Amino acid sequence: MRDVLDKVDENWQEGRPTALGTVVATFRSAPRQPGAAMLVADDGQVSGSVSGGCVEGAVYELAQQVIADGRPVLQRYGVTDDDAFAVGLTCGGILDVFVERVDGKRFPELADVVASVRAEEPVAVTTVVEHPDEALIGRHLVVWADRRAGDLGSARMDDAITDDARGMLASGRSGLLHYGPDGQRRGEGMAVFINSFEPPPRMLVFGAIDFAAAMVRLGAYLGYRVTVCDARAVFATKGRFPDADEVVVDWPHRYLVQQAEAGKIDHRTVVAVLTHDPKFDVPVLEVALRLDIAYVGAMGSRRTHDDRLSRLREAGLTDAEIDRLSSPIGLDLGARTPEETAVSIAAEIIALRWGGRGDRLAHSAGPIHRTG
């Protein structure tokens, strides 16, 4: 939903009804993850995607129906091969898509959700997508770490789902949870989709060089909040890195320590050290490899890599800590230009995140989409 949130808010502010289709569950080789969303406005304009093009036509028709009659619908696509081809879901996966009408009456808390997302304040939107009482389907409860807004139907339901939503929000997960009709922990009959909106993950690029400029552009495209840091003020300028969210002039290791102590580094953070200079890269790698973060990569030749490993061992890092280092950085794509190198680094980050091997799909078998 994050991708279409601005458009949802624009129509909401103007009092125009829209239909929002959200992927709430996936099975097998589904093309998109829970939380992917597609918006259909009352004038027929479309934003976002629930399947990368597979079932958008079917969801569009359903969305127009939902705008007209206001009744939310939970629809499954790709149940059988015949159904999959009928709606274009030829990948073999299965998607559950919840389509609801969004307007001021049905979702009065939307403005608060938008404000929190823009302020990078973690917030979760919970939506009843299945329930024996049709009147409760489509109701929302918005949950923050310290408060909540909305009403799902009873205090018991609100309390149970608030606890679970905060747990999922803390880990950055979105997904479908099942309860008894009144929020009972054991039971069935009610399904609630929890859509977590946490601040975007961070990408820290150390070294204000030409390769960094390409990495910044690709990192921003992938949805990271990108910071460039270099101790050399003449190179670390916003003019050289216009796509960066921030450009910092500081010693890399000092900046990373400060960010970690301030709680601004988490398990999703990725670090790319592109400095080529041991007086910069060894101290920052010594800090980074001891943090609980997603990825640490360092650029350099094989000779530079061997020298770097010796220096890190002299600094007291263990073999287990050093094994976390991706060096030389990136996948072997034969990259030569800064842009191609940035693609190889991004490919390695993606592969490590989802458990990919970096092989050619044409030479492999099994599911294309991995769930981690």
Test: residue in region 280-291 that is touching a strand residue (DSSP E or B) at 6+ places or on another chain (Cβ under 9 Å) and modelled with pLDDT under 95: yes
Residue match in region 173-193 (condition: closer than 25 Å to Arg313 by Cβ, in contact with a helix residue (DSSP H, G or I) (Cβ under 9 Å, 6 or more places away or on another chain) and either in a strand (DSSP E or B) or not charged (D, E, K, R) (or both)): no
Condition check for Leu361: modelled with pLDDT of 95 or more and either open to solvent by less than 50 Å² (accessible area, probe 1.4 Å) or under 30 Å from Ile94 (Cα atoms) (or both): no
Evaluation of Val192 against (1) β-branched (Val, Ile, Thr); (2) under 30 Å from Arg303 (Cα atoms); (3) open to solvent by less than 40 Å² (accessible area, probe 1.4 Å) (one fails), failing number: (2)
Residue within region 300-323 that is over 27 Å from Leu169 (Cα atoms), in contact with a Gly (Cβ under 7 Å, 6 or more places away or on another chain) and not basic (Lys, Arg) present: no
Any hit, region 150-169, residues being open to solvent by 60 Å² or more (accessible area, probe 1.4 Å), at pLDDT 90 or above, closer than 24 Å to Thr18 by Cβ and not hydrophobic (A, V, I, L, M, F, W, C): yes
Test for Pro278: is it touching a Lys or Arg at 6+ places or on another chain (Cβ under 8 Å) and open to solvent by 20 Å² or more (accessible area, probe 1.4 Å): yes
Residue in region 292-307 that is assigned to a helix (DSSP H, G or I), without any contact (Cβ under 8 Å) to a residue 40 or more places away in the chain and open to solvent by less than 50 Å² (accessible area, probe 1.4 Å) present: yes
Count of residues meeting criterion [surrounded by fewer than 16 Cβ atoms within 10 Å (Cβ to Cβ), at negative phi and either of a type in the set (A, V, I, L, M, F, W, C) or modelled with pLDDT under 95 (or both)] in region 249-275: 3
Of the criteria (1) within 23 Å of Ala346 (Cα to Cα); (2) within 23 Å of the chain's Cα centre (by Cα); (3) of a type outside the set (A, V, I, L, M), which one Thr162 fails: (1)
Enumeration of residues in region 153-169 that are within 12 Å of Ile194 (Cβ to Cβ) and either touching a residue at least 40 places away in the same chain (Cβ under 8 Å) or not aliphatic (A, V, I, L, M) (or both): Thr162, Asp163, Asp164, Ala165, Arg166, Gly167, Met168, Leu169
All positions within region 8-21 that are in a helix (DSSP H, G or I) and either in contact with a helix residue (DSSP H, G or I) (Cβ under 7 Å, 6 or more places away or on another chain) or open to solvent by less than 60 Å² (accessible area, probe 1.4 Å) (or both): Val8, Asp9, Asn11, Trp12
Residue in region 106-125 that is open to solvent by less than 70 Å² (accessible area, probe 1.4 Å), more than 25 Å from Gly15 (Cβ to Cβ) and touching a strand residue (DSSP E or B) at 6+ places or on another chain (Cβ under 6 Å) present: yes
Scan of region 208-248 for residues that are outside any loop (DSSP other than H, G, I, E, B) and within 19 Å of the chain's Cα centre (by Cα), ordered by number: Met215, Val216, Arg217, Leu218, Gly219, Ala220, Tyr221, Arg225, Val226, Thr227
Flag if Asp359 is assigned to a loop (DSSP other than H, G, I, E, B), over 27 Å from Ala170 (Cα atoms) and acidic (Asp, Glu): yes
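The values are calculated or read from the model by the stated rules, or taken from the named source; none is laboratory data. Because the structure is a prediction, the values reported are computed rather than measured. Note that each Cβ is placed from the backbone with ideal geometry, even for glycine, and that neighbours are counted across all protein chains shown. Surface areas here come from the heavy atoms of the whole protein model, side chains and all, with no ligands, DNA or RNA. Shrake-Rupley method; radii C 1.70, N 1.55, O 1.52, S 1.80 Å.
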